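Only one structure is covered here, and it is reproduced in the block below.
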């Protein structure tokens with residue numbers, strides 16, 4: 001099981017990496033979609049993301065989550081595994097995203 005301290009340490013390491021790579025001043029939520037899209041394989045745009053997501057907002061959310069996952073892996077580019085993982089969170093049917101009762 002992952003402790004709160006482990007999570008905090010990982011976030012601190014990621015912040016340090018972002019500063020070292022000159023990407024630490026802007027949050028992913030503030031980056032332009034064009035900037036986040038740079039370096040992503042075109043296969044994902046053509047075959048996965050456009051058809052399955054259904055809305056521009058969900059598309060942008062998927063890219064932002066994928067960028068955050070790449071940051072946590074200390075990767076300069078978003079890799080296929082980051083998009084696939086992000087899709088699991090952002091492409092769920094709305095019924096599954098409702099509040100817990």
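The values are calculated or read from the model by the stated rules, or taken from the named source; none is laboratory data. Note that the structure is predicted; figures quoted are calculated from it, not measured. All Cβ positions, glycine included, derive from the backbone under ideal geometry; neighbour counts span all protein chains shown.
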Review point. Got at least one residue in region 38-48 being in contact (Cβ under 8 Å) with a residue 60 or more places away in the chain and touching a helix residue (DSSP H, G or I) at 6+ places or on another chain (Cβ under 6 Å)?
Key: no
Point to revise | Leading residue by the ranking (modelled with the highest pLDDT) among those in region 81-101 that are surrounded by fewer than 12 Cβ atoms within 10 Å (Cβ to Cβ) and part of a loop (DSSP other than H, G, I, E, B) | key: 92
Check your understanding: What helices (runs of 4 or more DSSP H), lying completely within region 1-80, carry at least 2 residues that are touching a strand residue (DSSP E or B) at 6+ places or on another chain (Cβ under 6 Å)?
Key -> none
Check your understanding: Here is a list of conditions, (1) under 14 Å from the mean Cα position of the chain (by Cα); (2) at pLDDT below 90, and residue 45 meets all of them except one; can you say which number that is?
Key -> (1)
